[in-house]
Structures are given as structure tokens and as C-alpha cells.
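Notes follow once the structure below has been shown.
The values are calculated or read from the model by the stated rules, or taken from the named source; none is laboratory data. Note that the coordinates shown come from a computational prediction; the quantities given were computed from them, not determined experimentally. Cβ atoms come from the backbone with ideal geometry, glycine included; neighbour counts cover every protein chain shown. Side chains are part of the model used for accessible areas, which takes the heavy atoms of the whole protein and leaves out ligands, DNA and RNA. Shrake-Rupley method; radii C 1.70, N 1.55, O 1.52, S 1.80 Å.
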Amino acid sequence: MRLVLVEITRGRRFARLTVGMTTPFWLFSVLFGISLPLSMGCRDESTTLRRIQSQRQIALQQATRQDHLGEVVSLLQQYVGLNEQKARQQITYHLNQWENEQTTGKADGATKTDGGGKMPEIASTLTDVIPAEQLDELINRSEFMTSDVPLLRDAYLFNRLLGWVDAPGRDDPLFTDWLNEMRKSPPGNLSEADVDRLQTATRLFDWTVRNIALEPDTGGFPPNMPRPNLPLGMEMQGPGYRQTDYQTLWRGIGDWQQRAGVFTQLCMQAGIPTAVLATQSEDTGQRTPWSVGALIGDQIYLFHPQLGLPIPGPEQVGIATLEQARKDASVMRRLDVAGFFDFPLSRTDIQQSIALLNVRAETISPRMKALQSNLTGDRRMTLWIDSADWAKRIDNVPGIAGVRIWLVPTLAEVYAATMDMMAERDPLFSFWYRSRFAVLESQESMGNNLANGRWRHLHGQFADDETEGQDGARTHYLEQRAPEFEIEDLRINVELQKQYGIRRGLGMQPEEYDRQLAQVQGFMRLGKRTATYWLALVQYDDGRYETATNWFAKRVLDEEQRSYWENSAIYNAARSEEAQGNVDAAIERLKTNDPVYGHGNRLRARLLSK
């Protein structure tokens with residue numbers, strides 16, 4: 001006769017252990033962890049067996065434990081097609097489950113990771129915009145909340161972008177020879193690894209200025225539109241804070257401070273300390289940003305997002321350091337374009353600058369440090385920085401008069417929350433606020449060709465992946481380009497009306513229905529023109545410079561396809577011609593007097609002419 005003694009469950013698989021009546025007693029005892037005193041006076045082994053049982057239990061839990069960090073990364077990979085509110089909740093759940101598991105098996109009295117009540121010294125520079133108690137909660141709480149998810153989303157996307165932008169062949173041709181010479185014989189203060197980091201920073205900056213179309217510092221606002229009451233001294237459509245770094249990257253357009261945000265976020269993922277440099281008024285204390293500095297070795301190299309160029313070094317060779325700009329008056333003076341544009345600052349004005357770090361309160365929290373240390377392999381991304389180390393290293397550079405956290409990222413979150421509240425209350429305001437990017441960002445658009453194409457684009461997935469059965473950015477953008485006859489036929493095409501959510505409700509007047517149709521047709525044309533522009537950018541980054549030139553010059557700049565991408569398309573058409581070796585054509589195209597692009601374009605034309 002045989003007897004079933006135990007049934008063990010492991011996930012979805014079951015193992016049935018059957019023991020015969022003749023099973024040796026010693027095996028029976030081992031299977032069940034039974035410790036019986038033997039007649040020969042053996043010592044009590046109960047403590048050892050309890051330890052063995054505990055280890056077996058832990059091993060079983062680990063074997064069946066859900067990979068919560070894997071689930072987090074998986075949700076981030078699919079973020080564009082998910083309901084954002086639900087995605088945030090799911091990501092937060094998995095983060096907290098992972099955090100709970102970290103405490104399992106720790107010594108008695110162990111608690112979750114927390115800040116021990118200590119606040120990083122630099123965090124106090126945020127108290128002008130975040131109350132001290134709230135700031136302490138943001139930094140030192142151990143539990144993850146849905147408000148943490150945007151940091152993970154941003155870090156994930158900027159990290160994926162870094163992965164393909166920082167690669168051979170993606171250098172700005174203006175600085176290729178200079179970087180090669182630097183590598184052959186690095187200056188005494190730079191190592192070979194430092195030169196590599198400088199090259200990475202140059203690539204990231206070049207991608208930023210080509211791909212983030214430049215807007216004026218302040219945006220327009222309809223005079224008769226109701227205005228929300230903005231806190232903290234912000235103004236409607238003010239500089240820097242009117243959209244977040246993620247929105248700037250996702251939309252591909254922003255003012256120069258928003259460009260600076262994208263560049264510094266990319267550098268953070270690359271492990272390169274960067275800061276927005278600002279002058280400070282002796283009378284009012286007001287800080288005025290003027291450039292971005294990247295700390296390489298013990299020098300700060302200067303990049304100017306508004307001009308779309310690193311600041312040229314002495315004799316207009318290479319990239320200037322802060323030290324060179326402070327000592328050599330010609331560095332700043334040659335940012336003037338005689339007869340056209342004057343740069344507002346001189347060597348005297350930049351003798352002392354405040355360095356502003358583009359980080360959020362969560363970026364210096366212990367929970368993000370713990371999470372980052374557990375992200376390995378393809379999951380790696382920068383969620384935390386050693387703010388004390390960054391601040392010390394940057395502050396040691398002559399010409400830096402202090403290091404603070406840049407207020408613009410926090411102001412951008414407050415601005416967005418205030419605008420969203422106003423949009424919920426006022427339909428007219430809501431339409432003005434959301435219509436410009438509705439084709440890309442509305443819940444109905446998530447997962448459409450433009451949004452999917454943009455997501456693939458930022459991942460560097462230009463071509464179709466036949467193995468995964470996944471369309472690349474190029475295919476999505478092409479499918480977004482609805483022919484004009486289809487747009488015109490929207491009134492009679494019922495299937496197309498369903499696709500765009502157009503309904504003529506009972507009692508709807510013909511005039512109202514016509515307005516609805518006209519709005520959707522406008523969105524379709526905007527989506528088509530945006531897809532055309534982004535397709536041209538893909539052609540450039542894919543090394544198809546002649547095709548890129550044609551797309552920028554003949555399609556984006558088509559008189560009948562005018563859009564807010566026009567100025568950026570002129571610049572990128574010139575860059576495409578430059579990449580083909582057509583330098584004279586590029587110079588002629590760059591000679592514009594546009595108030596937004598003109599200054600930087602003419603500086604580049606001058607450098608090319610050398």
C-alpha cells in the first residue's frame with residue numbers, strides 16, 4: 001500500500017510526492033522537517049531545522065515572486081497607448097510591492113528605505129516654491145505615489161533616446177575635427193574619458209537643437225479669453241514653465257529654456273553634470289538664465305540653446321569653457337552678428353553665474369536611489385543624482401557663485417495643474433489650451449499613428465520590425481498623412497467620421513455640425529503636416545540627407561502646407577545640405593533675419609564659411 005504524504009504547489013505546476021509504507025524513517029523525517037530525539041542521546045537540532053525551513057520558505061517565495069520591476073518597465077514601454085491615470089496607478093502598485101519585498105527577510109526592526117529625516121542641503125533652495133513640510137514629504141517618504149511616475153516615465157524615455165543618439169556618425173560636423181584633435185592630444189586637464197563625455201554632450205545638444213523647434217520666450221494669448229489665477233508670480237504663456245521637459249520632448253517644440261531642459265535631461269541620463277547658468281542682479285537678486293554649462297573634468301563647457309550652437313571658443317575654434325569666456329573678451333564679442341544681431345552679454349556680465357540644476361525634489365530622494373540601484377541591464381536609467389557631489393564639483397569651478405535647484409521644472413508642474421483646472425471649468429479655455437496638440441495628446445489620439453510614430457521615433461525605431469510585427473516611425477508617419485481629398489470628404493465619409501469621433505446628435509444645428517467638421521479637418525491637416533516634418537527629421541537621423549533636404553524644402557516648406565514647423569524646417573534643410581557637402585547652399589539658406597532663428601542661423605553660417 002502507498003500513501004500520498006505531501007503536495008507541493010509551485011506557481012501553476014504541481015508535484016505530488018508519494019511515499020511507500022516501507023519508506024525509511026530518516027527520509028520521512030527530512031521531508032517534513034521533523035526532529036525527533038534519538039535514543040542514543042543526540043543533541044536537539046530544532047534551531048538548525050527551523051533555519052533550514054525558513055531558508056526553504058524564502059527560496060520558494062523568490063521562485064514564485066512576481067517581477068515587479070519588470071512590470072514597471074513593461075508599462076513604461078507601452079505608456080503611449082495606455083490610459084495615463086490607470087498606468088500611473090499600476091506602476092505605483094508594482095513599485096510599492098517591490099519596496100515591500102525589499103523589507104522581507106531583513107533583520108528585525110528593519111524598515112523601508114527612508115531619508116532618516118535628513119534633507120539634502122540643496123533641497124532648501126526649493127522652499128520658495130514648495131512649502132518645507134511638503135518638500136520633506138516629497139524627498140523622505142518611503143512609499144511611492146502616482147506623482148512619482150512622471151519622473152520614471154521621463155527617465156525611461158530620455159534614456160532610450162540617449163541610447164541611439166550617442167553613437168558614431170551623429171556628431172555636429174562643425175566640431176568633428178576639433179574633437180578628433182582633442183582625442184589625439186587631450187588638454188592637460190582632460191582625460192580620454194572626459195573627451196568621450198564632451199563628445200556625448202555635443203551629440204545630445206545637436207540632436208536637441210535639430211529636433212526641438214524653437215519658439216519665442218513668451219507665447220500669445222487671446223485678449224478676451226478668461227485667465228486663470230497663476231500662483232508664484234507666473235504669467236500666462238511665460239518663459240520656460242509653460243510646458244514640462246516631457247511635453248517639450250514629446251511635442252518637439254519649445255522656447256530656449258525648454259530646449260535647455262531637454263538637453264540637461266539627456267545629459268543626466270549620460271551621467272554628465274549640467275546646469276543652467278544665470279546671472280544675478282545685485283539690486284533685485286533676480287536670476288536671468290543665459291546658457292547651459294556641462295561639467296567635463298574641472299571645466300564647464302558652454303552650450304547656448306537659443307542660438308542652437310555651443311559657444312565657440314577663442315578664434316572661433318571648438319567649444320568655449322566658462323574660464324575662456326570670462327578671460328577672453330572676444331569669445332562673447334563674437335556672438336554679435338554685425339548689422340543684424342547683438343548678443344546681450346559681454347565678458348564683464350558673466351564673471352559670476354549661479355548654476356541651476358534641472359532636477360525635481362524626487363530626484364534626490366532615497367527611494368529613487370534605492371530603486372535606481374536595483375535597475376540593471378536594459379532596465380538601467382538615472383532616477384537619482386548625488387546632489388551634494390554635483391553641487392560641490394560645479395561650485396568649485398571659478399566663476400560659479402553658488403548652486404541651486406532650477407525652479408522652472410517645479411513651476412512647470414504647478415502651471416500645468418493650474419491650467420488643467422481652468423480647462424475643466426471653462427470649455428472655451430479648454431479648446432484654446434488643448435487644441436494645438438490635441439491630435440497628439442487627447443485620449444482619443446493615444447495609440448493613433450502620430451502618437452505611435454512619435455513614440456517609435458524617440459526610441460530610434462525608424463523601420464518596421466518584421467520579427468516583432470511592429471511598424472516603425474516611418475510607417476506610422478506615412479499613414480498619418482491623409483490625402484487632401486480624404487480630408488475634404490470628411491462630411492460624406494461616415495467611416496472616417498466614426499474614426500474621428502464625429503457625431504451629429506439629435507437637435508444639433510447644421511452650423512454647429514459644420515464647425516465640428518471644420519475643427520476635425522483642421523486637426524487632420526495639422527497631424528499630416530506634423531507627420532511630414534517628423535518624417536523629414538527621421539530621414540536626417542537615418543543618414544538619408546538628400547531625401548531629408550527634399551522633404552524639408554519641398555514638402556514641409558510647401559506654400560500650401562504652411563505650419564509652425566516652418567522656421568525649424570529652414571534650419572534643418574540647411575543642416576541636411578551641409579551634411580551632403582553643399583556648404584554654400586547651406587550658408588545661403590541660413591542667412592535669415594527671423595527674430596527667433598536668425599541670430600543663431602547667421603552665426604552658424606559664419607562658422608561654416610570658415
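Go over the candidates 569, 518 one by one and state the one that is out of contact with any strand residue (DSSP E or B) (no Cβ under 8 Å at 6 or more places or on another chain) and either among the aromatic types (Phe, Trp, Tyr) or farther than 25 Å from residue 161 by Cβ (or both).
Matching residue, one of 569, 518: 518.
Of all residues in the range 564-594 being surrounded by fewer than 18 Cβ atoms within 10 Å (Cβ to Cβ) and modelled with pLDDT under 95, which is farthest from residue 336 (Cα to Cα)? Taking the candidates together, the pick is 564.
What are the residues in the range 126-146 that are touching a Leu at 6+ places or on another chain (Cβ under 8 Å) and assigned to a helix (DSSP H, G or I), if any? Answer for the range 126-146, where residues must be touching a Leu at 6+ places or on another chain (Cβ under 8 Å) and assigned to a helix (DSSP H, G or I): 126, 135.
Within the range 181-204, the set of residues being among the aliphatic types (A, V, I, L, M) and surrounded by 12 or more Cβ atoms within 10 Å (Cβ to Cβ) comprises 182, 190, 195, 198, 201, 204. Can residue 48 be described as at pLDDT below 90 and either under 36 Å from the mean Cα position of the chain (by Cα) or among the basic types (Lys, Arg) (or both)? No, not satisfied.
Please tell me if residue 410 is farther than 30 Å from residue 68 by Cβ, among the polar types (S, T, N, Q) and in a helix (DSSP H, G or I). No, not satisfied.
Just checking, how many residues over the range 83-99 are under 18 Å from the mean Cα position of the chain (by Cα) and either farther than 16 Å from residue 157 by Cα or open to solvent by 50 Å² or more (accessible area, probe 1.4 Å) (or both)? Explain how you work it out, then say what you get.
To start, the set of residues in the range 83-99 that are under 18 Å from the mean Cα position of the chain (by Cα) comprises 84, 87-88, 91.
Still in the running and either farther than 16 Å from residue 157 by Cα or open to solvent by 50 Å² or more (accessible area, probe 1.4 Å) (or both): 84, 88.
Number satisfying all stated conditions: 2.
Can you name the residue in the range 150-176 that is of a type outside the set (Gly, Ala, Ser) and in contact with a Gly (Cβ under 9 Å, 6 or more places away or on another chain) and, of all such residues, is surrounded by the fewest Cβ atoms within 10 Å (Cβ to Cβ)? Looking at the filtered set, the residue picked out is 164. For residue 556, are the conditions met, namely being crowded, with 22+ Cβ neighbours inside 10 Å and free of Cβ contacts under 8 Å to residues at least 40 places away in the same chain? Yes.
Would a scan of the range 364-372 turn up a residue that is crowded, with 19+ Cβ neighbours inside 10 Å, at pLDDT 95 or above, under 23 Å from the mean Cα position of the chain (by Cα) and in a loop (DSSP other than H, G, I, E, B)? Checked against the condition, which is being crowded, with 19+ Cβ neighbours inside 10 Å, at pLDDT 95 or above, under 23 Å from the mean Cα position of the chain (by Cα) and in a loop (DSSP other than H, G, I, E, B), the range 364-372 yields at least one hit. For the range 489-510, a residue qualifies if it is surrounded by 13 or more Cβ atoms within 10 Å (Cβ to Cβ), among the hydrophobic types (A, V, I, L, M, F, W, C) and either in a loop (DSSP other than H, G, I, E, B) or touching a Gly at 6+ places or on another chain (Cβ under 8 Å) (or both), and exactly one does: 502. In the range 523-606, which helices (runs of 4 or more DSSP H) lie fully inside it and hold 2 or more residues that are touching a helix residue (DSSP H, G or I) at 6+ places or on another chain (Cβ under 6 Å), of a type outside the set (Lys, Arg) and closer than 28 Å to residue 436 by Cα? Passing ranges, in order: 545-550, 566-579. Looking at residue 541, is it in contact (Cβ under 8 Å) with a residue 40 or more places away in the chain and either surrounded by fewer than 16 Cβ atoms within 10 Å (Cβ to Cβ) or touching a His at 6+ places or on another chain (Cβ under 9 Å) (or both)? Considered against the rule, which asks whether it is in contact (Cβ under 8 Å) with a residue 40 or more places away in the chain and either surrounded by fewer than 16 Cβ atoms within 10 Å (Cβ to Cβ) or touching a His at 6+ places or on another chain (Cβ under 9 Å) (or both), residue 541 comes out as yes.
A search for C-beta distances below 8 Å between a residue of the range 158-179 that is within 19 Å of residue 608 (Cβ to Cβ) and any residue that is assigned to a loop (DSSP other than H, G, I, E, B) and at pLDDT 95 or above, counting only pairs 6+ apart in sequence or on different chains, returns 175/318; 178/317; 178/318; 179/171.
Could you please give the count of residues in the range 460-488 that are assigned to a loop (DSSP other than H, G, I, E, B), out of contact with any Ser or Thr (no Cβ under 9 Å at 6 or more places or on another chain), in contact (Cβ under 8 Å) with a residue 24 or more places away in the chain and open to solvent by 60 Å² or more (accessible area, probe 1.4 Å)? The total comes to 0.
Considering each residue of the range 261-284 in turn, none proves to be among the aromatic types (Phe, Trp, Tyr), out of contact with any Gly (no Cβ under 6 Å at 6 or more places or on another chain) and over 20 Å from residue 387 (Cβ atoms). Being in a loop (DSSP other than H, G, I, E, B) and open to solvent by less than 40 Å² (accessible area, probe 1.4 Å) holds for only one residue in 359, 403, and it is 359.
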